[in-house]
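What follows is a short report on a single structure.
The values are calculated or read from the model by the stated rules, or taken from the named source; none is laboratory data. The structure displayed is predicted, hence computed values, not measured ones. Note that we place each Cβ from the backbone using ideal geometry, even for glycine, and neighbour counts take in every protein chain shown.
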Amino acid sequence: MMSSVLFLAQVQPVPSPAPAKIDPPALDAVWPILIVLAAACVGVLFEAFLPRHQRWPAQVALSLLALAGAGVALATYLSDAPEAGEMAMFNTLAVDRPALFLWGTLLALSVGAVLLIADRSVEPGGAFVATAAIRPGTVQDRAQVTATGMQTEVFPLTLFALGGMMIFCAANDLLTMFIALEVLSLPLYLMCGLARRRRLLSQEAAVKYFLLGAFASAFFLYGVALLYGYAGSVRLADISAAAAGTDRSDTLLFAGMGLLVVGLLFKASVGPFHTWTPDVYQGAPTPVTAFMAACTKVAAFGGILRVLQVAFESTQWEWRGVLWGVAIASMVIGAILGLTQTDVKRMIAYSSVAHAGFLLIGAIALTDRGLSGTLFYLLTYGFTTLAAFGVISLVRDSSGEATHLSQWAGLAKRSPLVAGVFTFLLLALAGIPLTSGFVGKFVVFEAAIDDGMAPLVVIALVASAVAAFFYLRVIVLMYFSEPAADGPTVTVPGAFTTAAITLGVLVTLLLGILPSFALDWAAGGAFAIR
């Protein structure tokens, strides 16, 4: 008995394994996201409890205040943000310098987008239908074209989409990225079908976007499942570690990566995964088109950059050639099919496909200069495109926006100011010097050449020259053609649309002349890996 007691006394308890270290939520780093999402929830409460006539001013004020508050929170955090970045929300978000740049870009672009959405002077009552539940083509639907109300739910939907975009480009694991993808996509599906005029075309665009978006989400999620089977984790750093040093078969790795990247390329409207882009850009309300064209591309390429540089950098020799082909296809599709378009919004849609190819060149570079160049390009392209769609909303006839190219003939004689502004924006999209578009292309192409991709840059230059033709065609049409007697008129914009267009034009001009500030900020650091 005594020996048993002595034996038990000598037995040392087996120490329990130390729990994995999980960083605290770090709320100071994610206040911009929290402010945007909280304002979106408050906007939903406004829709439930405020009288209908009070909703529009309340939602506009709330949205602009939320964006301003998020911007102040971002600027406050930037003053003492760690150079190497930090993990937040239990390591699900990587708040590093690229993420902060993308957040600032998204917030700034969203200000212009919300101003376009809120405007009720260009289209009496606003660009959005007064009651979305009414079936298109009915007597009630025809009557509500002249109604002064609008579906103010678009404001919280815009904020929810913006919050999803901010989470998407900072996600540190693929599961968080997928949830953010759905949060940003579902509001856009709804908003695309809320046009006041051409309801059937708008609802067709929403259905196409929803169906193709569901397919893209399925590709993305299946890729996440395969990568989890390969690495045993959905965190980007763990996938990178498994890809760099393991004896497992690479079948799951590259199959999962391929499916994952297809989902990302769809969201970024990179050809040949662009099939939704022209129809949705044409059918959606123009303010929503501007929001998608500017902000969704920023978020999508933010996610692409993070995935390629954090999770798959060690395997670049296996997939880089494939993305070369995708970039070439996107540039060729955008440049050539853009030549055949007779609708201005569809032309800008194919222009976005070509620009997605240029952006993909910077993403493939996988260098610090490629990262900073791509971030700067996203900033420049976003503001130029936002202002361009603002101008498109001003040219109208009795049926609404006049987007057919023939209706833009002689526009300079009807409104020299609008024609001059649109000409400047088209030249920026073409990459003419003294515009932000030229500087954006220059820094991306320079980074690609430094990384040994000179042949790809040559193809990009040829595609740029081809794409410049359909920009110049519109300019020639506006200045050197006679306007039709019954042609469209140019609506005098209200304060909101004027502010949005002015913001886009000033940024396009400023970044073309003095780009150093934005370039220095974009080059401020690399992705945090943990």
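A few remarks follow.
- Which numbered condition Asp486 fails, given (1) touching a helix residue (DSSP H, G or I) at 6+ places or on another chain (Cβ under 7 Å); (2) outside any helix (DSSP H, G or I); (3) surrounded by fewer than 16 Cβ atoms within 10 Å (Cβ to Cβ): (1)
- The numbered conditions (1) under 30 Å from Thr148 (Cβ atoms); (2) in a helix (DSSP H, G or I); (3) more than 14 Å from the chain's Cα centre (by Cα) are all true for Phe254 except (1).
- Scan segment 89-132 for residues that are part of a loop (DSSP other than H, G, I, E, B), under 25 Å from Leu175 (Cβ atoms) and of a type in the set (A, V, I, L, M, F, W, C) and the total you get is 2.
- Of everything listed in (1) touching a helix residue (DSSP H, G or I) at 6+ places or on another chain (Cβ under 8 Å); (2) surrounded by fewer than 20 Cβ atoms within 10 Å (Cβ to Cβ); (3) part of a helix (DSSP H, G or I), the single unmet condition for Leu511 is (2).
- Looking only at segment 97-122, and only at residues there that are of a type in the set (Gly, Ala, Ser) and crowded, with 22+ Cβ neighbours inside 10 Å, the one that is nearest to Ala518 (Cα to Cα): Ala99
- Members of segment 266-285 found to be in a helix (DSSP H, G or I) and either of a type in the set (D, E, K, R) or over 15 Å from Glu204 (Cα atoms) (or both), listed by number: Phe266, Lys267, Asp279
- Test result for Leu308, crowded, with 20+ Cβ neighbours inside 10 Å, in a helix (DSSP H, G or I), in contact (Cβ under 8 Å) with a residue 40 or more places away in the chain and out of contact with any Gly (no Cβ under 9 Å at 6 or more places or on another chain): yes
- Every test in (1) at pLDDT 90 or above; (2) touching a Gly at 6+ places or on another chain (Cβ under 8 Å); (3) surrounded by fewer than 19 Cβ atoms within 10 Å (Cβ to Cβ) is passed by Pro416 save one, and that test is (2).
- Test result for Thr286, touching a residue at least 40 places away in the same chain (Cβ under 8 Å), among the hydroxyl-bearing types (Ser, Thr, Tyr), buried (at least 20 other Cβ atoms within 10 Å of the Cβ) and under 21 Å from Leu181 (Cβ atoms): no
- Segment 313-361 - residue that is polar (S, T, N, Q) and crowded, with 24+ Cβ neighbours inside 10 Å and, of those, nearest to the chain's Cα centre (by Cα): Ser352
- Taken over segment 264-273, residues that are surrounded by 24 or more Cβ atoms within 10 Å (Cβ to Cβ) and over 14 Å from the mean Cα position of the chain (by Cα) amount to 2.
- Scan of segment 188-197 for residues that are assigned to a helix (DSSP H, G or I) and surrounded by 24 or more Cβ atoms within 10 Å (Cβ to Cβ), ordered by number: Leu188, Met191, Cys192
Every residue, every condition in (1) within 23 Å of the chain's Cα centre (by Cα); (2) farther than 25 Å from Met292 by Cα; (3) at pLDDT below 95, yes or no:
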residue: Glu47; (1), (2), (3): no, no, yes
residue: Leu50; (1), (2), (3): no, yes, yes
residue: His53; (1), (2), (3): no, yes, yes
residue: Leu64; (1), (2), (3): yes, no, no
residue: Ala68; (1), (2), (3): yes, no, no
residue: Leu78; (1), (2), (3): yes, yes, yes
residue: Arg97; (1), (2), (3): yes, no, yes
residue: Leu106; (1), (2), (3): yes, no, no
residue: Ile117; (1), (2), (3): yes, no, yes
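- Test for Pro493: is it closer than 21 Å to Phe291 by Cα, at pLDDT below 95 and part of a loop (DSSP other than H, G, I, E, B): yes
- Near pairs, Cβ below 7 angstrom, 6+ apart or cross-chain, from segment 372-386 (closer than 13 Å to Val439 by Cβ) to any residue that is not in a helix (DSSP H, G or I): Ser372/Ala523
- Residue check for Gly149: touching a residue at least 60 places away in the same chain (Cβ under 8 Å), more than 22 Å from the chain's Cα centre (by Cα) and on the phi > 0 side of the Ramachandran plot: no
- Which numbered condition Leu159 fails, given (1) at pLDDT 90 or above; (2) in contact with a Phe, Trp or Tyr (Cβ under 8 Å, 6 or more places away or on another chain): (2)
- Pairs with Cβ under 8 Å, 6+ apart, first in segment 443-457 and closer than 17 Å to Tyr381 by Cβ, second among the hydroxyl-bearing types (Ser, Thr, Tyr) and outside any helix (DSSP H, G or I): Ala447/Thr367
- Applying the set (1) in contact with a Ser or Thr (Cβ under 6 Å, 6 or more places away or on another chain); (2) of a type outside the set (Asp, Glu); (3) assigned to a helix (DSSP H, G or I); (4) surrounded by fewer than 24 Cβ atoms within 10 Å (Cβ to Cβ) to Leu162 leaves exactly one unmet item: (4).
- Of the residues contained in segment 169-187, none is found to be out of contact with any strand residue (DSSP E or B) (no Cβ under 6 Å at 6 or more places or on another chain), of a type in the set (Asp, Glu), outside any loop (DSSP other than H, G, I, E, B) and over 25 Å from Gly43 (Cα atoms).
- Here Leu200 fits the description: touching a residue at least 40 places away in the same chain (Cβ under 8 Å), in a helix (DSSP H, G or I) and of a type in the set (A, V, I, L, M).
- The residue that is farthest from Leu417 (Cα to Cα), counting only those in segment 470-479 that are modelled with pLDDT of 90 or more and of a type in the set (A, V, I, L, M, F, W, C), is Leu472.
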